[in-house]
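> My questions will all concern the structure given below.
The values are calculated or read from the model by the stated rules, or taken from the named source; none is laboratory data. Because the structure is predicted, anything quoted here is derived from the model rather than measured. Heads up, the Cβs are rebuilt from the backbone with ideal geometry, glycines too, and the neighbour counts pull from every protein chain shown. Surface accessibility is based on the protein's heavy atoms, side chains included, excluding ligands, DNA and RNA. Shrake-Rupley method; radii C 1.70, N 1.55, O 1.52, S 1.80 Å.
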Amino acid sequence: MKFASPLRSVRGQLLIVAIVIESVMLSLLVANSLRLLTTHMGRQAQQHVDEIVPVLSAAIVAPLAQRDYATVQAVLDESTKVGGIDYVVVANKDGRLVANSGWPVGTPLPAADSRLDLFDNQKDKPRYDVVVPITAYGQKMGKLHIGLDLSQIRTAHDQLFTQGIGIALLEMLCSAGLMILLGYFLTRHLGDLTRASEAVAAGNLTPPPVPEGKDDVGRLGAAFNAMSRAVGERIHELTAARDEQARLARSAELAAQAKTAFLATMSHEIRTPMNGILGMTELALKTELTEEQREYLTWVKSSGDNLMRVLNDILDFSKFNDGKLALEKTPLDLAGILDSVVNLYAIVAGNKGLRLYWEAEGEIPDHLLGDPVRIQQVLNNLVSNAIKFTERGEVAIRIGCQPEADSRYWRVRLTVSDTGIGIPADKLTAIFDPFAQAEEWTTRKYGGTGLGLSIVDRLVRLMHGAIQLDSTPGQGSRFVIDMVLERSDSGQPEAAELDQEHARRTLAGKRILLVEDTPVNQKIAEKLLQRYGCRVAIAANGVQALAVADGQEFDLVLMDIQMPEMDGLEATRRLRRRESERTLPRCPIIAMTANAMQDDRDQCLASGMDDFIAKPFRADELVATVAHYLHAAEE
């Protein structure tokens, strides 16, 4: 059984406080009584000394002068018979003892005490030693040594102390009993309150009611009962709210999972036909065409690119909401990025009669680190919007770079300005909200999802930057992006353009296994690879791919993910397992799929694939990736 300290109860605390107070008061009383006794009896002893010394001196001065030491001895003997005197000794002026009554012979006489002390531990008994000179007619005759016996005073002191302690203990016992009785009547219901409170703390939200009454403790019990009822009702409400919140959270989680699955499915279903549209259009643009046919196909490709941009915006927005968008940190070619943006929109701007250009305000440092894809995506969105909402004038991109105090970092400012319709002042903040447009009529006239600027704002903040907007209706808008980029010691990144001659030399005669279930995608990839001299074998699903790969060797495999009978992930795992079992050289496997989510990329790499190409792919992107892995395999 666990021991409960008395200090943990009110009754015990009251008892201890009462005992402490009583002890202090009684101790003070006894101590003061002893002090008064000692002082009073000490004064009486001193008075006794003061009275007996003159009498003795007068009685012995004449015999001492006549050297009648017998008479002196008789006087001393009579004096010691009086109670309270321990010894009396007379010494002549030479210090020789001439009379002694009560003091041991041969023992040195004690020195005179400076004050009366009942508790002098250096003496064998309580005694007050006094030394008085004996004089006659101004001449020193000797000294009178008197020892006053203090035993009676010491005994009285000890008796008073013992009686005081006994009375104090009896008083404390009576007080303790009285406090226990009083504490019981005052705190008899506190135990019930304590047990009820402990029951509530243990989870019993409906403890038994505690006794109530008209006194303070009774009113406390009534208040506790009311509080218990209120707490029970409130906890019941909170429990219901918690259950409802958990249900809503689960519903939201399921909705988020459903949304992610829906976006992944829609991404796949849209990207698959778009790969056919854009791929066939790109192949057709590289054939002999009339000017009218080339114009039509160019517009088809431009429309397809715009549709893919909308799809990518939706996917990026979903990644932001799920917290799954990650940035790369690679060497940047800022001038190359700006050239790519201007070249991408040069035709669109030229068709509207707009001047599109970029210029640098000072030096553009080399070797800065960042995410080139996301930086270009930000600029693409801003330039696309600027061209969309500008009817005449220009769209300009300006870049300025300044070193920070820490030489490892540079502050980069990108400014995109136009001379378009501008944005009203009350819309400048809301323009960065998802699905927001400055005015409804702009959506009807210019189109757009309203996600572009929201994605720009989130991308800039993800890169630890800031974006500002200044705009005047009718005069144009100015977007300013500030970022701090780290400088690297590595070299400038190589241009991402495809080296056609190198690709042809690398791909010529190579055996490629294309695993794809969609006929149009089969045709696009086959024609594109055959144009560079590859020999292409086609499998419509994972089962066929395993069968084809079992009969011959391939230099590289292009693997779709979603296919009937066996998907690309399982097919890749089995191909890797076969290589391990047969000790075959590792064959590069590149995912080529419309599943463009980050989770899809991670699953591909985890299954054993080497890289990932999202559909719809650009011809140069596919050829460059294939050439890279074939060249690496040759080395």
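> If I model a spin label at D406 and D366 as a point 7 Å from the Cα along the Cα→Cβ vector, what separation in nanometres do I get?
With each label placed 7 Å out from Cα toward Cβ, I get 2.4 nm.
> Loop-only check: which trypsin sites (Lys or Arg not before Pro) in the stretch 98-179 are DSSP coil with at most 16 other Cβ within 10 angstrom?
Answer by residue number: R115, K123.
> Ignoring ligands, DNA and RNA, what accessible area per residue does the stretch 25-144 give at 1.4 Å, in Å²?
Value for the stretch 25-144: 60 Å² per residue.
> For the residue pair Q66 and L462, what label-to-label distance in nm results when each label sits 7 Å from Cα along the Cα-to-beta-carbon direction?
13.4
> Still on this structure, I have one more. Can you pull the one-decimal nm distance between simple spin-label points at V17 and A624, each 7 Å off the Cα toward Cβ?
8.5
> Could you give the length gained on full extension between R195 and Q159, defined as 0.36 nm per residue of separation minus the Cα-Cα distance, in nm?
Answer, rounded to one decimal: 7.9 nm.
> Right, here's the next one. DSSP loop chymotrypsin sites (Phe, Trp or Tyr not before Pro) in the stretch 109-139 with at most 10 other Cβ atoms within 10 Å of their Cβ, which ones? Mind showing how you got there, number by number?
Values: sites: F119, Y128, Y137; in loops: F119, Y137.
Within the stretch 109-139, the qualifying chymotrypsin sites (Phe, Trp or Tyr not before Pro) (loop, at most 10 other Cβ atoms within 10 Å) are F119, Y137.
> Applying 1/(1 + (r/R0)^6) with R0 = 22 Å to the Cβ-Cβ distance of T472 and I347, what FRET efficiency is obtained, to the nearest 0.05?
0.15
> Cα centroid distance between the stretch 122-159 and the stretch 59-109, in Å?
Spelled out, the Cα-based centre of one part sits 13 Å from the other.
> May I ask you to derive the FRET efficiency for T239 and T429 from their Cβ-Cβ distance with R0 = 41 Å, giving the value to the nearest 0.05?
Between T239 and T429 the formula returns 0.50.
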